[in-house]
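Student: One structure follows; several queries about it will come next.
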Amino acid sequence: MSSDTIFNMATPIEAYVQKHLRFNFTVSMFDGGFFGLGAGFSSFAAIIPLFISHLTNSALLIGLVPAIHNVGWQLPQLLTAGWISRAKRCKPLTLWMTIHERVPYLGLALVALCMPFTTPRTTLIMAFLMLIWQGLGAGLAANPWVSMVTKVMPQELHGTFFGTQSAAYNGMAGLSAIMAGLILDKLAMPYNYSLCFALTFVAMVFSYIFLAATREPDGSPNESDHPHAYLNKSLEILRRDINFQIFLGVRMLSQFAGMGFAFYIIYAVRRFGMSDAAAGIMVAILLIGQVLLGPLMGRWGDRWSHRGMMSFGALGAALSALLAWRATSANWFYAVFILEAIATVAIWTIPIALSVSFAKNEEERPLYIGLSNTLCAPATILAPVIGGLLADATSFSITFIISAVCGLLMTGALWFVMKDPARR
């Protein structure tokens with residue numbers, strides 16, 4: 001059978017997807033690249049925690065920085081599932097919601113500028129309000145965005161797409177993280193942080209332009225269901241899909257496996273006197289590691305097993321925590337951040353493709369996406385809170401040891417308990 005015959009047998013949506021595949025793939029890479037460029041200037045792994053560390057010595061509050069972003073990204077996703085299923089296109093909702101994950105960076109720039117004129121407590125409160133706004137905005141945009149891109153990308157390319165866009169994101173983020181380290185080193189407080197946050201906002205504007213260029217076909221909205229029906233459907237999915245329940249448990253455990261990530265930079269600065277510039281280089285190593293590993297792990301997941309790739313990353317999380325615990329100098333953290341890069345891809349990128357693969361049809365897709373994130377949100381916020389409390393009460397070493405144990409438990413659960421969902 002010829003390729004033309006196969007193309008003619010495709011549904012109108014499939015034909016549209018194939019026609020605009022190259023264009024959508026290209027604009028998505030530019031969208032991810034500029035988003036990453038901005039994210040590197042305001043990294044949740046280093047730049048923003050360092051900014052907060054100038055306002056407080058509390059490990060708990062510093063650990064909440066990435067947690068607020070992550071839980072904000074996860075928590076609202078199930079709430080938007082009904083809207084997405086009843087919409088012909090996901091792009092309008094994505095464009096509206098993503099504004100709220102971009103504008104707060106401009107707010108952070110203004111908060112930093114006002115530091116000399118306000119108390120540390122006031123600045124801290126304003127900074128956390130911006131972070132909460134940004135996190136919730138990201139969460140409200142996440143489900144429609146994932147639904148949109150998995151609609152315009154064939155299923156056999158989902159892992160490849162997310163891995164490649166992650167590489168574009170992290171490659172640009174790695175470059176901007178190095179520049180952010182230089183800015184922090186050369187400019188005085190608070191203008192250095194204010195400039196970093198402002199540059200993030202500018203890059204986010206360019207990212208938005210490319211996101212808006214995505215060509216999405218009209219779908220078949222499910223207009224017959226009452227909004228409350230999606231709660232019943234979600235409960236029905238949880239009852240019937242035991243393997244998905246196990247996946248949810250693994251995702252919750254992954255947050256505790258990565259519990260130490262938020263404290264690596266602060267620990268290295270306090271324990272070994274690492275400079276702000278060196279911290280920027282460490283973040284660049286983390287992000288560039290994700291550049292190289294994202295496409296590879298995504299492609300291997302498509303060809304072999306996303307579950308297998310996730311277990312590989314779980315082991316990386318455990319080893320990174322063990323190395324951080326046993327480190328005798330700042331040089332050890334080169335290996336720590338490379339291992340964290342492996343773990344980050346496995347904990348945040350691979351599960352996107354994996355959660356979609358559980359769905360039996362397009363109507364269930366946003367429900368699976370929402371469930372896999374919203375139900376994991378409590379663990380996402382609890383993990384750094386527990387880690388911060390342990391670090392404040394005892395030491396960072398205890399936090400790292402518990403992270404390592406959870407990483408090993410996660411590896412075992414993926415290998416011996418969870419099964420690969422059927423390919424559709």
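The values are calculated or read from the model by the stated rules, or taken from the named source; none is laboratory data. Keep in mind that this is a model prediction, so the values were computed, not measured. Please note: Cβ atoms are built from the backbone with ideal geometry, for glycine as well, and neighbour counts cover all protein chains shown.
Student: Of all residues in the stretch 347-396, which are among the aliphatic types (A, V, I, L, M) and closer than 18 Å to MET259 by Cβ?
Tutor: Scanning the stretch 347-396 gives ILE347, ALA377, ALA379, ILE381, LEU382, ALA383, VAL385, ILE386, LEU389, LEU390, ALA391, ALA393.
Student: Could you please find all residues in the stretch 173-203 being crowded, with 24+ Cβ neighbours inside 10 Å and of a type in the set (A, V, I, L, M, F, W, C)?
Tutor: Scanning the stretch 173-203 gives ALA173, ALA177, ALA180, CYS196, PHE197, ALA203.
Here is a yes/no grid of residues against (1) under 24 Å from ASP392 (Cβ atoms); (2) surrounded by fewer than 21 Cβ atoms within 10 Å (Cβ to Cβ):
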{"residue": "ARG240", "(1), (2)": "no, yes"}
{"residue": "ASN243", "(1), (2)": "no, yes"}
{"residue": "ILE246", "(1), (2)": "no, yes"}
{"residue": "ALA262", "(1), (2)": "yes, no"}
{"residue": "ILE266", "(1), (2)": "yes, no"}
{"residue": "ALA284", "(1), (2)": "no, no"}
{"residue": "ILE288", "(1), (2)": "no, no"}
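Student: Do you know which residues across the stretch 81-98 are surrounded by 24 or more Cβ atoms within 10 Å (Cβ to Cβ) and touching a Ser or Thr at 6+ places or on another chain (Cβ under 8 Å)?
Tutor: ALA81, ILE84, CYS90
Student: With the structure loaded, tell me whether ILE338 is more than 15 Å from the chain's Cα centre (by Cα) and surrounded by 19 or more Cβ atoms within 10 Å (Cβ to Cβ) or whether it fails that test.
Tutor: Yes; evaluated as a whole, the condition is true for this residue.
Student: Show the residue pairs that are 6+ apart or on different chains and have beta-carbon atoms under 8 Å apart, the first residue being within the stretch 394-412 and of a type outside the set (Gly, Ala, Ser), the second being not in a helix (DSSP H, G or I).
Tutor: PHE396/GLY260; THR399/MET259; THR399/GLY260; PHE400/GLY260; ILE402/MET259; CYS406/MET259
Student: Restricting to the stretch 366-421, name every residue that is in a helix (DSSP H, G or I), among the β-branched types (Val, Ile, Thr) and either at pLDDT below 90 or more than 21 Å from ARG271 (Cα to Cα) (or both).
Tutor: Of all residues in the stretch 366-421, those in a helix (DSSP H, G or I) come to 366-374, 377-393, 396-416.
Applying the additional criterion that residues be among the β-branched types (Val, Ile, Thr) yields 369, 374, 380-381, 385-386, 398-399, 401-402, 405, 411.
Within the stretch 366-421, ILE369, THR374, THR380, ILE381, VAL385, VAL405, THR411 qualify.
Student: Only helices (runs of 4 or more DSSP H) wholly contained in the stretch 70-148 count here; list those with 1 or more residues that are under 21 Å from MET252 (Cα atoms) and not aromatic (Phe, Trp, Tyr).
Tutor: Hits in the stretch 70-148: 81-85.
Student: I'd like to check something: does the stretch 43-50 contain any residue that is of a type outside the set (Asp, Glu), surrounded by fewer than 24 Cβ atoms within 10 Å (Cβ to Cβ), at pLDDT 90 or above and part of a helix (DSSP H, G or I)?
Tutor: No, the stretch 43-50 contains no residue that is of a type outside the set (Asp, Glu), surrounded by fewer than 24 Cβ atoms within 10 Å (Cβ to Cβ), at pLDDT 90 or above and part of a helix (DSSP H, G or I).
Student: Check the stretch 220-230 and report whether any residue there is part of a helix (DSSP H, G or I) and modelled with pLDDT under 90.
Tutor: Going residue by residue through the stretch 220-230, those that are part of a helix (DSSP H, G or I) are 229-230.
Adding the requirement that they be modelled with pLDDT under 90 leaves 229-230.
Yes: one or more hits.
Student: Looking at ILE242, ILE183, ILE178, can you tell me which residue is closer than 30 Å to LEU315 by Cβ and more than 24 Å from the chain's Cα centre (by Cα)?
Tutor: Answer to the check: ILE242.
Student: Might you let me know whether the stretch 318-325 holds any residue that is aliphatic (A, V, I, L, M), modelled with pLDDT of 85 or more and within 19 Å of ALA39 (Cα to Cα)?
Tutor: No, there is no match, as no residue in the stretch 318-325 is aliphatic (A, V, I, L, M), modelled with pLDDT of 85 or more and within 19 Å of ALA39 (Cα to Cα).
Student: Against the conditions (1) modelled with pLDDT of 80 or more; (2) more than 30 Å from LEU375 (Cα to Cα); (3) assigned to a helix (DSSP H, G or I), where does SER28 fall short? Just the number, please.
Tutor: It is condition (2) that SER28 fails.
Student: Is it the case that the stretch 102-122 has a residue that's within 30 Å of LEU375 (Cα to Cα), surrounded by 21 or more Cβ atoms within 10 Å (Cβ to Cβ) and of a type in the set (D, E, K, R)? Lay out the reasoning, then the answer.
Tutor: Let us first name the residues in the stretch 102-122 that are within 30 Å of LEU375 (Cα to Cα), namely 102-105, 107-108.
Adding the requirement that they be surrounded by 21 or more Cβ atoms within 10 Å (Cβ to Cβ) leaves 102, 104-105, 108.
Now narrow it down to the ones that are of a type in the set (D, E, K, R): 102.
So far as the stretch 102-122 goes, yes, one or more of its residues are within 30 Å of LEU375 (Cα to Cα), surrounded by 21 or more Cβ atoms within 10 Å (Cβ to Cβ) and of a type in the set (D, E, K, R).
Student: Search the stretch 82-104 for residues that are at positive phi and pair each with any residue that is assigned to a helix (DSSP H, G or I) and β-branched (Val, Ile, Thr) when their beta-carbon atoms are under 6 Å apart and the residues are at least 6 apart or on different chains.
Tutor: Going by the 6 Å Cβ cut-off, there are no qualifying pairs.
Student: Of MET297, MET282, which residue is closer than 30 Å to ASP185 by Cα, part of a helix (DSSP H, G or I) and hydrophobic (A, V, I, L, M, F, W, C)? Full working, then the answer.
Tutor: Details: MET297 fails: closer than 30 Å to ASP185 by Cα.
Result of the check over MET297, MET282: MET282.
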